[in-house]
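Trainee: Here it is, the structure in full.
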Number of protein chains: 2
Amino acid sequence: MIRYVGRLQTSKKMKADTHHKTDLSPWRVRNKSKVLLDEIDTFLPEKFFGKSDDLNERVEKLSEKLNKFQNLLYASKNKAVLLVLQGMDTSGKDGVIRHVFSHVSPLATHAIAFGAPTELEKSHDFLWRVHSKVPALGNLTIFNRSHYEDVLVTRVRGWINKPVWEKRYEHINNFESLLHDGGITILKCFLHISKQEQKKRLQARIDDSQKNWKLQEADFVDRKLWPDYQAAYQDAISATSTEQAPWYIVPADSKPERDFFIASLLVQTLEDMELALPEPTFDVKRVRL
Amino acid sequence: MIRYVGRLQTSKKMKADTHHKTDLSPWRVRNKSKVLLDEIDTFLPEKFFGKSDDLNERVEKLSEKLNKFQNLLYASKNKAVLLVLQGMDTSGKDGVIRHVFSHVSPLATHAIAFGAPTELEKSHDFLWRVHSKVPALGNLTIFNRSHYEDVLVTRVRGWINKPVWEKRYEHINNFESLLHDGGITILKCFLHISKQEQKKRLQARIDDSQKNWKLQEADFVDRKLWPDYQAAYQDAISATSTEQAPWYIVPADSKPERDFFIASLLVQTLEDMELALPEPTFDVKRVRL
């Protein structure tokens, strides 16, 4: 088992202005190690931030930075990034996409939401609809839910049994390895909220008529199955966190902390990819207009 | 023939702070009327703006407004918007997507770039690959080039003859009528630049090594075919500008003017759609957590 919080290390190169070198490795699930969600805090530790930090402002700055890197990724056209977002209802998947990408142009950034599969999708293997949506080289794609639903809701609602979901873990690892070999950097984030926080957020959606439309009856069924979902999540995360496609447990009871975490993770990842503008395909200097 | 410029009308409801009620109808091609691109200015008339206006700032504000409307569109899930961008190389299709959507989250906004068709795409009718990318209800999709390439480059390079492209105009009108009936509001923008302005922009891409990667040898072939392209564009635009899917000739020699025009067009269009939050699907107030 991993104790994430408490192992916090601060990189020597961390810059005070952006903090984009913040060490996020304590929340990275090491290669197929066992995760116990109950023992992981849903907030970041206090010492993670300075006192007077305005996190929302820092997220905005990181979003602008992300936009610059994304432009470079688009130009280079030889690598791609896939961000997978998973979490219980109200954990903030939509919110992350709104805030972290607030300054990123949609030129080569795509968010794909996976809902209940259609009849056509159900007539194929569970990775079929997902494969068709993975980023082309030069693109950054966000999966708002993903192929992981096929080892989560399907398991909790009793539609598949253990041999099936265990076999699916294998298929997922093989599939993600294929994507990795094709030039895609994969990041998977579990938005980790407490049951109390979910109650607060659902209540807010009930009380505020402007938020009513976000509610579905299934949300309340799923809430009653909370322990089963946590078990399904921690098994799936443990079985599929690899070097090539790691999971991060993102403390998500605080929205600004959650956004800051994911914005930092993306900026650092893109930075480490050492993207460069491609060479022109012909002798540009010889052109006469 | 339509003389766009000179017919400028200013809406009585226009607000000084955002100018989003600017009357853009002089640049809208009326139902299948004949367009003569040579006679349309590539700049907006001076009286269109106040003197001290900072257009880039206004585009930013419009982009924020667009984001709010887009959130409503996403929530309502019963309408969609398709923006088609066409224009010669360097006319600013990428630039529009970058600037106009700078504050729009990618949650339900997708930009799709259509390049030369693949072997698989070529083995289908010319609308096949396009149909699969049209926006789902709740989404805003931008086509960066589109099915119109199949009556433009294909015609200019001599790959199809007149009966084929004229038949394709019909197919396009029928197709866009189908999309309209399915709840999609279609806007088509031709980014109208002068040949001189293209020369300046290509030269800038030659001179600035940071921009070299944007150049392709085909750009210079296409430039030599300028008059043929203009002829192909004006025929296609004339034949396919309908009430349901109108073309706009967007003066695009000035980047801020171009962005302001399209941002205004989108904001006004979304405003006129009278979007509203949907009703919840069950009795929310009876839920006890």
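Trainee: Scan (1) away from every other protein chain (no Cβ under 14 Å); (2) open to solvent by 10 Å² or more (accessible area, probe 1.4 Å); (3) not in a loop (DSSP other than H, G, I, E, B) for the single condition B:T242 breaks and write down its number.
Mentor: Looking at each condition in turn, B:T242 falls short on (3).
Trainee: Considering each of A:L179, A:L187 in turn, give the residue that is touching a residue at least 60 places away in the same chain (Cβ under 8 Å) and within 21 Å of A:V100 (Cβ to Cβ). Can you show your working first?
Mentor: Numbers: A:L179 fails: within 21 Å of A:V100 (Cβ to Cβ).
From the options A:L179, A:L187, the qualifying one is A:L187.
Trainee: Now for a different question. Out of the range B:266-289, which residues are open to solvent by less than 50 Å² (accessible area, probe 1.4 Å) and either within 14 Å of another protein chain (Cβ to nearest Cβ) or on the phi > 0 side of the Ramachandran plot (or both)?
Mentor: B:L266, B:L275, B:P278, B:P280, B:F282, B:V284, B:V287
Trainee: Might you check whether a residue that is under 26 Å from B:W226 (Cβ atoms) and within 12 Å of chain A (Cβ to nearest Cβ) occurs anywhere in the range B:117-132?
Mentor: Among the residues of the range B:117-132, not one is under 26 Å from B:W226 (Cβ atoms) and within 12 Å of chain A (Cβ to nearest Cβ), which makes the answer no.
Trainee: Going by the conditions given, is A:K211 in contact with a helix residue (DSSP H, G or I) (Cβ under 8 Å, 6 or more places away or on another chain) and open to solvent by 20 Å² or more (accessible area, probe 1.4 Å)?
Mentor: Details: in contact with a helix residue (DSSP H, G or I) (Cβ under 8 Å, 6 or more places away or on another chain): yes; open to solvent by 20 Å² or more (accessible area, probe 1.4 Å): yes.
For A:K211, the condition - in contact with a helix residue (DSSP H, G or I) (Cβ under 8 Å, 6 or more places away or on another chain) and open to solvent by 20 Å² or more (accessible area, probe 1.4 Å) - is met.
Trainee: Every residue in the range A:221-232 that is touching a residue at least 12 places away in the same chain (Cβ under 8 Å), open to solvent by 10 Å² or more (accessible area, probe 1.4 Å) and away from chain B (no Cβ under 14 Å), please. Lay out the reasoning, then the answer.
Mentor: Quick first cut of the range A:221-232, residues touching a residue at least 12 places away in the same chain (Cβ under 8 Å) only: A:222-223, A:225-226, A:228-230, A:232.
Now drop any that are not open to solvent by 10 Å² or more (accessible area, probe 1.4 Å), which leaves A:222-223, A:225-226, A:228-230.
Correct list: A:L225, A:D228, A:Y229, A:Q230.
Trainee: Here is a follow-up. Of the residues B:K51, B:K47, B:K34, only one is at pLDDT below 90 and not in a helix (DSSP H, G or I); which?
Mentor: B:K51
Trainee: Using the structure shown, decide if A:S91 is of a type in the set (S, T, N, Q), buried (at least 17 other Cβ atoms within 10 Å of the Cβ) and not in a helix (DSSP H, G or I). First the steps, then the outcome.
Mentor: Details: of a type in the set (S, T, N, Q): yes; buried (at least 17 other Cβ atoms within 10 Å of the Cβ): yes; not in a helix (DSSP H, G or I): yes.
So A:S91 fits the description; yes.
Trainee: Scan the range A:254-261 and give yes if some residue there is assigned to a loop (DSSP other than H, G, I, E, B), more than 14 Å from chain B (Cβ to nearest Cβ), of a type outside the set (S, T, Y) and crowded, with 21+ Cβ neighbours inside 10 Å, otherwise no. Let's see the steps before the verdict.
Mentor: Our first condition is that a residue be assigned to a loop (DSSP other than H, G, I, E, B); within the range A:254-261, this holds for A:254.
So of that shortlist, the ones also more than 14 Å from chain B (Cβ to nearest Cβ) come out as A:254.
From what's left, of a type outside the set (S, T, Y): none.
The answer is no; no qualifying residue exists.
Trainee: Which residues, counting only those in the range B:60-76, are open to solvent by less than 20 Å² (accessible area, probe 1.4 Å) and either more than 12 Å from chain A (Cβ to nearest Cβ) or outside any helix (DSSP H, G or I) (or both)? Steps first, please.
Mentor: First, the residues of the range B:60-76 that are open to solvent by less than 20 Å² (accessible area, probe 1.4 Å): B:62-63, B:66, B:70, B:73, B:75-76.
Hits for the range B:60-76 are B:L62, B:L73.
Trainee: Right, here's the next one. Residue check: is B:Y248 assigned to a helix (DSSP H, G or I), open to solvent by less than 60 Å² (accessible area, probe 1.4 Å) and of a type in the set (F, W, Y)?
Mentor: Details: assigned to a helix (DSSP H, G or I): no; open to solvent by less than 60 Å² (accessible area, probe 1.4 Å): yes; of a type in the set (F, W, Y): yes.
For B:Y248, the condition - assigned to a helix (DSSP H, G or I), open to solvent by less than 60 Å² (accessible area, probe 1.4 Å) and of a type in the set (F, W, Y) - is not met.
Trainee: Could you please let me know if A:A236 is under 25 Å from B:R286 (Cα atoms) and either in a loop (DSSP other than H, G, I, E, B) or hydrophobic (A, V, I, L, M, F, W, C) (or both)?
Mentor: no
Trainee: Kindly provide the set of residues from the range B:227-269 that are hydrophobic (A, V, I, L, M, F, W, C) and in contact with a strand residue (DSSP E or B) (Cβ under 8 Å, 6 or more places away or on another chain), ordered by number. Step through it out loud before you land on a result.
Mentor: Within the range B:227-269, the first condition is being hydrophobic (A, V, I, L, M, F, W, C), and the residues that meet it are B:231-232, B:236-237, B:239, B:245, B:247, B:249-250, B:252, B:260-263, B:265-267.
Matches in the range B:227-269: B:I237, B:A245, B:W247, B:I249, B:V250, B:A252, B:F261, B:I262, B:L265, B:L266.
Trainee: List every residue pair whose Cβ atoms sit under 9 Å apart, with the two residues 6 or more apart in sequence or on different chains, where the first one lies in the range B:262-281 and is free of Cβ contacts under 8 Å to residues at least 12 places away in the same chain and the second, anywhere, is part of a loop (DSSP other than H, G, I, E, B) and open to solvent by 30 Å² or more (accessible area, probe 1.4 Å).
Mentor: B:P280/A:S209; B:P280/A:Q216; B:T281/A:Q216
Trainee: Could you list, in sequence order, the residues of the range B:77-112 that are without any contact (Cβ under 8 Å) to a residue 40 or more places away in the chain and either at the interface with chain A (Cβ under 7 Å from one of its Cβ atoms) or of a type in the set (K, R) (or both)?
Mentor: Correct list: B:R98, B:S105, B:P106, B:L107, B:T109, B:H110, B:A111.
Trainee: Would you mind telling me which numbered condition in (1) in contact with an Asp or Glu (Cβ under 9 Å, 6 or more places away or on another chain); (2) surrounded by fewer than 17 Cβ atoms within 10 Å (Cβ to Cβ); (3) not hydrophobic (A, V, I, L, M, F, W, C) B:K47 fails?
Mentor: Of everything listed in (1) in contact with an Asp or Glu (Cβ under 9 Å, 6 or more places away or on another chain); (2) surrounded by fewer than 17 Cβ atoms within 10 Å (Cβ to Cβ); (3) not hydrophobic (A, V, I, L, M, F, W, C), B:K47 misses just condition (1).
Trainee: Can you run down the residue pairs with Cβ atoms below 7 Å, 6 or more apart or on separate chains, where the first is in the range A:128-139 and over 23 Å from A:L275 (Cα atoms) and the partner is open to solvent by less than 60 Å² (accessible area, probe 1.4 Å) and in a loop (DSSP other than H, G, I, E, B)?
Mentor: A:R129/A:P117; A:V130/A:S146
Trainee: In the range B:99-202, which helices (runs of 4 or more DSSP H) lie fully inside it and hold 3 or more residues that are open to solvent by 20 Å² or more (accessible area, probe 1.4 Å) and over 24 Å from B:T42 (Cα atoms)?
Mentor: Passing ranges, in order: B:119-122, B:128-131, B:162-181.
Trainee: A further question follows. Looking at (1) open to solvent by less than 40 Å² (accessible area, probe 1.4 Å); (2) under 30 Å from B:D228 (Cβ atoms), which is the one condition that is false for B:A80?
Mentor: It is condition (2) that B:A80 fails.
The values are calculated or read from the model by the stated rules, or taken from the named source; none is laboratory data. Just so it is clear, the structure is predicted and the values come from calculations on it, not from any experiment. Every residue, glycine among them, receives a Cβ derived from its backbone with ideal geometry; neighbour counts consider all protein chains shown. Each accessible area value is taken on the protein alone, full model and side chains, heavy atoms only, with ligands, DNA and RNA left out. Shrake-Rupley method; radii C 1.70, N 1.55, O 1.52, S 1.80 Å.
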